[in-house]
1. Can you tell me which residue is nearest to Gly44 (Cα to Cα) among those in the range 92-138 that are at pLDDT below 95 and within 16 Å of the ligand (Cβ to nearest atom)?
2. So which residues in the range 163-178 are within 13 Å of the ligand (Cβ to nearest atom), among the small types (Gly, Ala, Ser) and in contact with a strand residue (DSSP E or B) (Cβ under 6 Å, 6 or more places away or on another chain)?
3. Inside the range 239-258, can you point out the residues that are without any contact (Cβ under 8 Å) to a residue 40 or more places away in the chain and surrounded by 10 or more Cβ atoms within 10 Å (Cβ to Cβ)?
4. Of all residues in the range 145-162, which are without any contact (Cβ under 8 Å) to a residue 60 or more places away in the chain and buried (at least 21 other Cβ atoms within 10 Å of the Cβ)?
5. Could you check, for the range 201-220, whether at least one of its residues is among the basic types (Lys, Arg), away from the ligand (no atom under 16 Å from the Cβ) and within 26 Å of Leu145 (Cα to Cα)?
6. Test each condition in (1) open to solvent by less than 60 Å² (accessible area, probe 1.4 Å); (2) part of a helix (DSSP H, G or I) for Thr175 and report the one that comes out false.
7. Limited to the range 139-161, what total is found for residues that are assigned to a loop (DSSP other than H, G, I, E, B), under 16 Å from the mean Cα position of the chain (by Cα) and within 11 Å of the ligand (Cβ to nearest atom)?
8. If you check Ala224 against the conditions, is it of a type outside the set (Asp, Glu) and either loosely packed, with under 11 Cβ neighbours inside 10 Å or on the phi > 0 side of the Ramachandran plot (or both)?
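The values are calculated or read from the model by the stated rules, or taken from the named source; none is laboratory data. All of these numbers come straight from a predicted model, not from anything done at the bench. Don't worry about glycine lacking a Cβ; one is built from the backbone with ideal geometry, like all the others, and counts go over all protein chains shown. Just so you know, the surface numbers come from the protein's heavy atoms only, side chains and all, with ligands and any DNA or RNA stripped out. Shrake-Rupley method; radii C 1.70, N 1.55, O 1.52, S 1.80 Å.
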Amino acid sequence: MPREIDEVKREVAVANRILAETGLAAHILASLGHASMRVPNQPGLFVVKGRGYPTDALRVARPEEMIVVDLDGGYVDGPRGTSQCYEVKMHSCIYRERPDVQSIVHTHPRYTNVLGLNDVKLKPMSNEGHQLVRGDIPVFPHSKLIITEEDGMQVAEAIGDGPALLLRGHGAVTTGRNLEQSVMHMLHLEEQARLNWVAYAAFGPDYKGIPAENMDEFAAGYAAMGKAPHLAGPFASMPPVTVGGVWKYYTELVSADM
Ligand SMILES: [Zn+2]
């Protein structure tokens, strides 16, 4: 395998560890869920966490344990005695149908799960991920594991060209243009769901979400930030931000013992 695959495997292991470190795959969920990334110079392949490891938990995912898979979900390369993740078809079918998608995450986040199962439409509750829940997030109306090609294609059809899909009683799937975005989408989804839960518990079903005009106002203000007289000077001498602070922080944290 070319050198690039090793770099992709490392990034995928880091992403899986971040899902654990941030609580999306921790405690009773420690071995559940998987992050994957398409191989940039071989778009017909992707790398995903597999099964069959001595210790199968996302927090201890190792680069050399990651599995290379083709767009039919077929096993291409990995350590002896391992398999792809059981639900590899949700990854392979979405990658095949969506050339724009470079990364996919599946986890079983608690608040997203409970509210989705009870048909609570998530309202934007804070700025962190408000756009993700601004419209309706589609729901896949089954809690079964996604094993067959037919299951995978139904998931791909259900998510459509969107960034997120709820699986009834079985967590969620998020997509992204890179690992950072697909993982951040999952984190934002769960954060919004948690705040929805809090508001529902405190105020009942008619609790308020952020109005659309306030989200538009936020976007306009953010876009114009660099033109503010007191910020323009310092901003001009700063390097462009290519990686978010949350992602950088957790990458460094989980890489320390890799
Ligand atoms: Zn699952």
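1. Gly116
2. Gly171, Ala172
3. Lys248, Tyr249, Glu252 - these are the residues of the range 239-258 that are without any contact (Cβ under 8 Å) to a residue 40 or more places away in the chain and surrounded by 10 or more Cβ atoms within 10 Å (Cβ to Cβ).
4. Scanning the range 145-162 gives a single hit, Ile146.
5. no
6. All conditions are met except number (2).
7. Qualifying residue count, the range 139-161: 0.
8. Answer is yes for this residue.
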